[in-house]
Amino acid sequence: MNNKIILFYKRKLQEISNLSQNRKMVLSDRYMDSIVIRNNKRLVSFSCNDYLGLTQNKKVINASIKAVNKYGTGSGSSRLVSGNNPLYEKLEKSLASFKGGEAACVFGSGYLTNSGIIPALTSKGDLLLFDELSHASTNIGIKLSNAYSKSFKHNDANHVEQLLKKHRKQYNICFLFTEGVFSMDGDRGIIKELAFLADKYNASIILDDAHGFGVLGNGKGSQYELNPVPKILIQMGTLSKAIGSYGGFIVAPKVIINLLYNKARSLIYTTGLPPSAIAASIKSLEIIKKDKSLVKKPYENAKLFCKMANLPKPDSSIVSIILKSENNAMKASKIIEDNGYYVSAIRPPTVPINTSRLRFTFSASHKKNDILKLSELIKNINIINK
């Protein structure tokens, strides 16, 4: 063993620890709705993206089991070799219909989707303008592209237009990147404003709707009831949050989907999803289409929490309380855990320096009594902005 390199990485790890940014895997035995077991303690979790509780839905579970019995546990190959299970076609048609697009393509995960489609669809001579708070998967996809890229101030349409005026005429195609719901702050993207600018400057939108899909909006583009419906060329989503399964997808014109079959390396060189995950996604999407009351619950629960905790009305089912330092966030998370709840402390580099926070995610599975108790705890322990 090379002792020098081991010592080098030990020093790197110590540097991370000194900044209170050290992360460790802690066993989280999740079962029955929003209950988790962490450090041998039974806690109600408010840090899970299973927004509709569908990971525990019996119909979804049974669909998954049925697929295992019929097709086995794995796909055995990439989709373009022999791993393209027949269930894919059904799921992709359902996703395209739900999103109001021509076609869909399912990837191995949401991260693989964003990191794969951007370099596949863009090249040198193209322009990419992206929100500064875009997800890590979008950032890595942009870095893998040879296109010229610039970030714009978060949700700042004026800054986007300044960049378009300065750069647009120099490049071929132009993409504007935003999110339906931003994962760390929970606020909504400026879809309507970007659609106006895209039309004005001959650009197209790529919308990352991972945290809005299945929870907010009417499905078709997750435009959140905006009227008229904004034009969105490519809609990205995940199957691991509201859907409660695993995988990622895009909905786009057929010509783009066909191009991805030939250009998206994260699709071409990745083993296909287990049939059980695909079957679970199909069943979950059926439930989402039918049960409108279920879809509304996460956001309603978030609004109830904010009202009772004297916080501003949220834009989504994600609520963040900024505590600035890493130590403040870790201490607050520990206090909450000591009182029977789990809320993860989010620290740099996931969020910018001096914006460490508690990030609450609300689910249809949460009980009103727990939401009320947690809101009182937030007020009584006096942790906000300390």
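The values are calculated or read from the model by the stated rules, or taken from the named source; none is laboratory data. Note that the structure is a prediction, hence the values are computed from the model and not measured. Cβ: placed from backbone, ideal geometry, glycine included. Neighbour counts: every protein chain shown.
Going through (1) under 28 Å from Ser64 (Cβ atoms); (2) crowded, with 19+ Cβ neighbours inside 10 Å one by one, Lys292 falls short only on (2).
A quick yes/no check of all residues on (1) closer than 24 Å to Thr122 by Cα; (2) at pLDDT below 95; (3) acidic (Asp, Glu); (4) part of a helix (DSSP H, G or I):
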| position | (1), (2), (3), (4) |
| --- | --- |
| Ile232 | yes, yes, no, no |
| Lys241 | no, no, no, no |
| Gly244 | no, no, no, no |
| Leu267 | yes, no, no, yes |
| Leu273 | no, no, no, no |
| Ser276 | no, no, no, yes |
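Out of the residues in region 257-275 that are in contact with a helix residue (DSSP H, G or I) (Cβ under 7 Å, 6 or more places away or on another chain) and buried (at least 18 other Cβ atoms within 10 Å of the Cβ), which is nearest to Thr55 (Cα to Cα)? Filtering region 257-275 for residues that are in contact with a helix residue (DSSP H, G or I) (Cβ under 7 Å, 6 or more places away or on another chain) and buried (at least 18 other Cβ atoms within 10 Å of the Cβ), the one nearest to Thr55 (Cα to Cα) comes out as Pro275. Annotation: Ala147 fulfils all but one of (1) crowded, with 20+ Cβ neighbours inside 10 Å; (2) over 22 Å from the mean Cα position of the chain (by Cα); (3) within 13 Å of Ile206 (Cα to Cα); the unmet one is (3). The residue of region 347-365 that is nearest to Leu54 (Cα to Cα), among those that are aliphatic (A, V, I, L, M) and in contact with a helix residue (DSSP H, G or I) (Cβ under 7 Å, 6 or more places away or on another chain), is Ala364.
With the requirement that a residue be closer than 12 Å to Val251 by Cβ and of a type in the set (Phe, Trp, Tyr), what does region 87-106 give you? Within region 87-106, just Phe98 meets the criteria. Looking across region 173-203, just one residue is surrounded by fewer than 22 Cβ atoms within 10 Å (Cβ to Cβ), within 23 Å of Asn146 (Cβ to Cβ) and aromatic (Phe, Trp, Tyr), and that is Tyr201. For region 338-357, the set of residues classified as crowded, with 16+ Cβ neighbours inside 10 Å and farther than 16 Å from Phe182 by Cβ consists of Tyr341, Tyr342, Val343, Ser344, Ala345, Arg347, Ser356, listed by residue number.
Cβ-Cβ contacts under 8 Å between residues 6 or more apart (or on different chains), taken from a first residue in region 260-278 that is assigned by TED's automatic domain parsing to the domain that holds Leu112 and closer than 9 Å to Gly116 by Cβ to a second residue that is among the aromatic types (Phe, Trp, Tyr) and buried (at least 16 other Cβ atoms within 10 Å of the Cβ), are listed as Ala264/Phe107; Ser266/Phe107; Leu267/Phe107; Thr270/Phe107. Close Cβ contacts (under 9 Å, 6 or more residues apart or on different chains) running from residues in region 132-156 that are farther than 15 Å from Thr178 by Cβ and outside the structural domain of Lys263 (by TED's automatic domain parsing) to residues that are surrounded by fewer than 21 Cβ atoms within 10 Å (Cβ to Cβ) and at pLDDT below 95 are absent.
Take Val215 and tell me if it is farther than 27 Å from Ala364 by Cβ and β-branched (Val, Ile, Thr). In short, no. For region 323-345, the count of residues that are within 17 Å of the chain's Cα centre (by Cα), part of a strand (DSSP E or B) and in contact (Cβ under 8 Å) with a residue 24 or more places away in the chain is zero. For region 93-114, taking the residues that are assigned to a helix (DSSP H, G or I) and more than 19 Å from the chain's Cα centre (by Cα), the one that is surrounded by the fewest Cβ atoms within 10 Å (Cβ to Cβ) is identified as Lys93.
Among the candidates Asn301, Asn328, single out the residue that is of a type in the set (S, T, N, Q) and at pLDDT below 95. The match here is Asn328.
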